[in-house]
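Each remark here refers to the structure printed beneath this line.
The values are calculated or read from the model by the stated rules, or taken from the named source; none is laboratory data. Everything quoted here is computed from the prediction, not taken from an experiment. We place every Cβ from the backbone using ideal geometry, glycine too, and count neighbours over all the protein chains shown.
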Amino acid sequence: MPAPDPSSAVARPDLSIGQVSAIKALARGEATPDQQRIAVEYLLHGLSVVDGLSFRPDALGGQRETDFAEGRRFVGLQLRRIVLLPANQLVEDLKPGS
């Protein structure tokens, strides 16, 4: 099976040994502060492409590719929201009627 076009929403982003090590250390709860930053940066900008354009024209897969890209982006937006907002605001936002 050929590799997907790099502009495809399903294309795997580039990944370095340092990024792999950082993510594995984070998952184990053993990441250094630098590894934590590397892992979160990769999750936000490498995997979820949080600041990327979700839209894909018909020539690049159209609506299905756009939907997939928007799903990836949604995960990144939620992660960034958790990172940036105060914990009490996040918890308050989850209460019914908020």
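Identify, please: which residue in the stretch 22-33 is touching a helix residue (DSSP H, G or I) at 6+ places or on another chain (Cβ under 8 Å) and not hydroxyl-bearing (Ser, Thr, Tyr) and is, among those, farthest from Pro6 (Cα to Cα)? Step by step, filter the stretch 22-33, then rank; the result is Ala31. Could we say that Leu90 is modelled with pLDDT of 95 or more and more than 13 Å from the chain's Cα centre (by Cα) here? So Leu90 fails the test. If you go through the stretch 43-65 and keep only what is acidic (Asp, Glu), modelled with pLDDT of 90 or more and not in a loop (DSSP other than H, G, I, E, B), you end up with just Glu65. Is at least one residue of the stretch 60-73 free of Cβ contacts under 8 Å to residues at least 40 places away in the same chain, among the aromatic types (Phe, Trp, Tyr) and surrounded by 11 or more Cβ atoms within 10 Å (Cβ to Cβ)? Looking through the stretch 60-73, none of the residues is free of Cβ contacts under 8 Å to residues at least 40 places away in the same chain, among the aromatic types (Phe, Trp, Tyr) and surrounded by 11 or more Cβ atoms within 10 Å (Cβ to Cβ). Scanning the stretch 75-94 for residues that are of a type outside the set (Gly, Ala, Ser) and touching a residue at least 24 places away in the same chain (Cβ under 8 Å) turns up Val75, Leu77, Leu79, Arg80, Val83.
The residues in the stretch 1-33 that are of a type in the set (A, V, I, L, M), loosely packed, with under 13 Cβ neighbours inside 10 Å and under 17 Å from Arg72 (Cβ atoms) can be counted, and the count is 3. Taken over the stretch 80-95, the criterion of being part of a helix (DSSP H, G or I) and of a type outside the set (A, V, I, L, M) is satisfied by Arg80, Arg81, Asn88, Gln89, Glu92, Asp93. Scanning the stretch 34-59 for residues that are more than 16 Å from Pro6 (Cα to Cα), crowded, with 18+ Cβ neighbours inside 10 Å and among the polar types (S, T, N, Q) turns up just one, Gln35.
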